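Chemist: For reference, the structure I am asking about is given below.
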């Protein structure tokens, strides 16, 4: 019964979406206020129905209703409640429902909080959002229906995969989806603006908060996925340039470019067609990612249902949505009024460089991900494009960007004094040089690349700090003045400083954790000791123990440093008899500076055990840095100027070069 | 349209190329790795017999007529699916089938063949998998068509289904026989 | 086909063979570190997105043993990798080789960057500022400005 309600609600949602997509769009074109007004309640209604549908599916999982095929295939009564719930989106059909729900959620948010949007723009935005929803809802109902019944219902579900019962793995998808589905909003805004034929500073101001929200969530989702890989997969790796990882990273890169490009459009009414294009591209990459995961076109450990017939549907959807929007772009973008003029050396110029490098980086990732497919399609053989390619091409593109990111915030609009700016960064030059030399010496004469990377990260961090200090006149005015200025700084300034500094931290941590990690693989017998990175690991042996649905062999390591006890580590090898599966659970001890990471392997049959011990310096700061980036985004979002009081178009049109009320 | 306006078409054009590529990609299987040994001589090897059999298999045995070489193992689930087909090929005398038992326990292999039938004219036991590596084997089952001159002509990845036999393998064998 | 994905996931995470176990390692640390470098270059064909250094799969283990044996026998890194490539094709290399079919791949990023830079240069030229260069603030103006800002 509940499943039928859920099914029915989904159909209603599709109908509402069809209405929401049609009437407001026509209404905006013909000036019919009543039809335009349909958009807001329709958005709420769509969210309501999809919410009911999602709720029904969740209910079916929670009560383990195995007459619902989706539940029977993807759940089990013995699963803890938390994982029954996460099982809802842990499969293809449920995840499509989650996709549709988040799409509707963003639509409803604009409907409820977009009161200051001009009615025509709002109507068009919501209508386009609805058309995207129509695609996903139709896809769900016609090819991926989660509410299909099984008759007779099995007694028990068939999936008790312990690997999926893990908080990191189970809960990173919703954040990822909030991220790249959230880019649909920027997309809808972009297409609506193209239809209107007008992109201006006000539009950019309206787009930015939605993009920030999506981008922040995407950052979190990607970080969570990487963090999970790190602690679960047993050798401390966290990024593999896997096609599906790339599928989430490309929208992030495009979204970052979009965020920055929108600033120029907002402040200077320039880079319009670029911002529009980036908004279209970011979401297009999200859609592309959806296609890649579900169509079987690329193999990946992450891949969902590899079903070519579903792939055809999604591809058709892609062609309509992306092809349609890019066609509209080709026709309408040339007609957008060019905005403010600026010199090449200026903040605008810096942001053009930002756009260029991020887009090039994103294109590189796309090229590498799709190249094997392209070659195979042309019957030119099979190559594989792995981490060495991406590391070799992506790195050189990102490094100049980080250098520029320290300089950019100092540049003034329209025309900037570059030598002057560089003069203000003298301290940053000094710090960079010291870090570069120091780390090169520490790499004992290997490649200078890590040292260069660390130097650049230091450059960015110091530059961000100097810029912030400059804003509040730290050390150049009495502290009370600085404090006062700090209190009145716009939140977006804080957001930028935090985010830029955090990026530097993440980059530095990644480099350090890769270059200076210590790995020790050995065969150890109980009582033996080994020294790794200054820590002494004493192997106490292995005990058998039984868990709720597994039997395990648990090893014990006593870790000391200079005789001082630090911790005890208990890595395990678990066997799940019902799945006939063995997993290894690493034991990790996290300090502020590093992770100690221990894994046990196979016994040699003579009392010895194969063990792996790692010292991973600065790894915790990769995750902390990522959280800081999200904090930066959140802080920016609380900036008063982004919410209420978005400038009325009349004021913006008052002068040719008029800027919105705050600089 | 001026060059300036042409550049607005660029994203769309790139997307069209991408979409075509994806469309073609839907018809391919990315997990299949084609053999690089096509048109090369069979790798040199010499394997002892599978338990319970007198003769093993060596590369020298693979010259003179068109043959199939099938990599199998008792632990390979998909091999069970194709095995009846191989049995029929031998019963009907369609084409001689030779086997290489890949990374298997002697007892297990023998029991499996006893139960499933032994279609192999000769078979060899590749205990450590080195011969498999020489043939570029990465998963089971894999079946190779060898021509008269002892050259690898075709590799079939995965279990042989009736349609594979009818549409690809048998026609190719016919062609090779002249 | 969820089963396929799950199976791949299982193969990735679990499995009987423990990637790089202690007993596999060579006694000579120099040879072993060469081995590790080679392992990181070779793709595990069974797992489809890991190197044989990380993979639990039996084929990965077999290939690791093979590489180590050949290192002990004195072969060069290139020869060993070449041996494996001659059997499995370029696909087994995680770093795509630089040959005519991959020119576009390797040169692509640079080409994209150059084209983009050219486009950006054109754009910057067309949006070039025709405004007069900004005159710097006089000391007096600067003091007034600061006072205004400090008053918040």
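Quick note: the coordinates plus some simple rules give every number you see, no bench work behind them. Keep in mind it's a predicted model, so treat the numbers as computed, not measured. Every residue, glycine among them, receives a Cβ derived from its backbone with ideal geometry; neighbour counts consider all protein chains shown.
Chemist: I need the peptides A:218-225, C:30-37 ranked by packing, meaning the mean over residues of other C-beta atoms within 10 angstrom, with the highest value on top.
Modeler: A:218-225, C:30-37
Chemist: Can you give me the distance in nm between label points at residue C:145 and residue A:589, each placed 7 Å from the Cα along the Cα-to-Cβ direction?
Modeler: 5.6
Chemist: What is the Rg over Rh value, at two decimals, for segment A:459-554, using alpha-carbon atoms and the Kirkwood definition of Rh? Walk me through the numbers on the way to the answer.
Modeler: Numbers: Rg = 24.7 Å, Rh = 18.4 Å.
Ratio value, two decimals: 1.34.
Chemist: Between segment A:82-161 and segment B:158-178, what's the alpha-carbon centroid distance in Å?
Modeler: 46
Chemist: Average partner chain C-beta neighbours within 10 Å, per residue of C:56-69?
Modeler: Per-residue shielding by partner chains comes out at 2.
Chemist: Taking 0.36 nm per residue of sequence separation and subtracting the Cα-Cα distance, how much length would be gained by fully extending the chain between residue A:430 and residue A:480, in nm to one decimal?
Modeler: That works out to 15.1 nm of additional length.
Chemist: Pop a pseudo-label 7 angstrom from the Cα along the beta-carbon direction at both residue A:562 and residue A:33 and give the gap in nm to one decimal.
Modeler: Once both label points are built, they end up 7.7 nm from each other.
Chemist: A follow-up question, please. By its C-alpha gyration tensor, with a ≥ b ≥ c as the square roots of the eigenvalues, how is segment B:83-172 shaped: rounded for a/c under 1.5, else prolate for a/b larger than b/c, else oblate? Provide the component values of the computation, followed by the final result.
Modeler: Values: a/c = 1.73, a/b = 1.21, b/c = 1.43.
Oblate shape, in that a/c is at least 1.5 and b/c is the bigger or equal ratio.
Chemist: Counting only C-alpha contacts under 8 Å and six or more residues apart, can you give the relative contact order of segment A:168-356 as a whole percent?
Modeler: Once normalised by length, the contact order is 26 percent.
Chemist: Angle, helix B:77-91 long axis vs. longest principal axis of chain B, Cα atoms, 0 to 90°, nearest 10?
Modeler: With rounding to tens, the tilt is 60 degrees.
Chemist: Here's another thing I want to ask about it. I'd like the mean, over residues of A:334-345, of how many other protein chain beta carbons sit within 10 Å of each residue's own Cβ.
Modeler: Averaged over the peptide's residues, the number is 4.
Chemist: For the ranges A:437-444, A:454-461, B:121-128, what's the packing order if you count other beta-carbon atoms within 10 Å of each residue, average per peptide, and put the highest first?
Modeler: Working: A:437-444: 13.9, A:454-461: 24.4, B:121-128: 20.4.
Order by mean packing, descending: A:454-461, B:121-128, A:437-444.
Chemist: Determine the calculated [θ] at 222 nm for the protein assembly as shown from helices alone, applying -39500 (n - 2.57) to every DSSP H run no shorter than 4 residues and normalising by the residue count; nearest 500 deg cm²/dmol.
Modeler: -18500 deg cm²/dmol
Chemist: Okay, next question. Other chains' Cβ within 10 Å of B:126-135 residues: what's the mean?
Modeler: Taking the mean over all residues of the peptide, I get 3.
Chemist: Report, in degrees rounded to the nearest 10, the 0 to 90 angle that the Cα long axis of helix B:106-116 makes with the longest principal axis of chain B.
Modeler: 80
Chemist: Tell me, what is the FRET efficiency for residue A:81 and residue A:634 to the nearest 0.05, using R0 = 22 angstrom and their Cβ-Cβ distance as r?
Modeler: 0.15
Chemist: How big is the antiparallel share of DSSP beta bridges in segment B:1-130, given as a percent to the nearest 5?
Modeler: 25
Chemist: Tell me, what is the percent relative contact order of chain B, built from C-alpha pairs under 8 Å that lie six or more residues apart?
Modeler: 27
Chemist: Which order, highest average first, do A:145-155, B:130-140 follow once you tally other Cβ atoms within 10 Å for each residue and take the mean per peptide?
Modeler: Those peptides, ordered most packed to least, come out B:130-140, A:145-155.
Chemist: Can you compute the FRET efficiency between residue B:116 and residue C:86 using 1/(1 + (r/R0)^6), with r the Cβ-Cβ distance and R0 = 35 Å? Round to the nearest 0.05.
Modeler: Working: r = 34 Å, r/R0 = 0.96.
The computed FRET efficiency comes out at 0.55.
Chemist: Given the protein assembly as shown, report the % of alpha carbon pairs whose separation exceeds 54 Å.
Modeler: Taking all Cα-Cα pairs of the protein assembly as shown, the fraction more than 54 Å apart is 21 percent.
Chemist: Which shape class, rounded, prolate or oblate, goes with segment A:203-293 when its Cα gyration tensor gives a ≥ b ≥ c as root eigenvalues, a/c under 1.5 marks rounded, and past that a/b bigger than b/c marks prolate?
Modeler: On the way: a/c = 3.21, a/b = 2.21, b/c = 1.45.
In terms of gyration-tensor shape, prolate.
Chemist: Determine the shape class of segment A:292-365: with a ≥ b ≥ c the square roots of the Cα gyration tensor eigenvalues, call it rounded for a/c under 1.5, and otherwise prolate if a/b is greater than b/c, oblate otherwise. Walk me through the numbers before you get to the answer.
Modeler: On the way: a/c = 5.91, a/b = 1.85, b/c = 3.19.
Oblate is the answer for segment A:292-365, as a/c is 1.5 or above yet b/c matches or exceeds a/b.
Chemist: Taking the Cα centre of each part, how many Å lie between segment A:234-289 and segment A:437-495?
Modeler: Using only Cα atoms to place each centre, the spacing works out to 25 Å.
Chemist: Let me ask you something else. I'd like the orientation of helix B:10-25 relative to chain B: the angle between its Cα long axis and the longest Cα principal axis, in ° from 0 to 90, rounded to 10.
Modeler: Orientation of helix B:10-25: about 20 degrees from the principal axis.
Chemist: Relative contact order of chain A, please, whole-number percent, based on alpha carbon pairs below 8 angstrom and at least 6 residues apart.
Modeler: Working: 1177 pairs, mean separation 71.2, N = 663.
That works out to 11 percent.
Chemist: Rg and Dmax of segment A:257-416, Cα atoms, in Å?
Modeler: That works out to 18.7, 55 Å for Rg and Dmax.
Chemist: How far is it, in nm, from the label point at residue B:32 to the one at residue A:113 when both lie 7 Å from their Cα along the line to the Cβ?
Modeler: In this crude spin-label approximation the distance works out to 5.0 nm.
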